[in-house]
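A quick write-up on the structure given underneath.
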Amino acid sequence: MPFTGRAYFDRELDAWVGLSGDDDHHSGHICACDVAAPSDGSSPAWKVSKENLFSEVETEKDMGATLLCIGRGKYCLVQCVGVVIEDDDDGDEEERNYYSEKTEDDDDDDKELARPCRFSYRVSTFSLRYDKNGDLTTGGSHRQRVRYYKLPKEASPDCFHNPVAFWM
């Protein structure tokens, strides 16, 4: 399957829906994959959404994301974003976390650099459908609701890369 993480069956689309597993070209896009026939043996057809649902704010670094189905063709994307705190930022030291970033120095060696960062969960809700051309879409940004929730300093790094979320 062309997904990263969990996929959900969407009855309206008659397809499996999940986050695209193609990090190079479709990171932040939703993927819908046809239901495969049990004896067919061929790969099922799949489509990638037109919209990138990850944050496009330059200062926000994507750390990880989880997709939830919240029922009746509605979805919730929980994305952890980090904002690097610059040295001249007078932010509260208590709110800072650190993440490691690989960098190259003059000797062409990879080094890990710990950068001070504030982390938040960026939570967006949306519906999926096929447009008149048969392309997978959320209907545009005006149909997507986005909210941010600040993570406490004590949050585990696992929360950054693999946000845990559930729907009841």
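Derivation of every value follows stated rules applied to the coordinates shown; laboratory data play no part. Computed from a predicted structure; not experimentally measured. When we count neighbours, we look across all protein chains shown, and the Cβ atoms used for this are built from the backbone with ideal geometry, even at glycine.
Remarks
- Cα gyration tensor, the range 33-80 - rounded (a/c under 1.5), prolate or oblate: prolate
- In this calculation the C-beta distance from Ala155 to Ala37 is compared with R0 = 30 Å, giving a FRET efficiency of 0.10.
- Gained length - Asp22 relative to Glu58, 0.36 nm times residue gap less alpha-carbon distance: 10.9 nm
- Counting only Cα atoms, the size of the range 5-64 along its three principal axes is 48, 23, 19 Å, in decreasing order.
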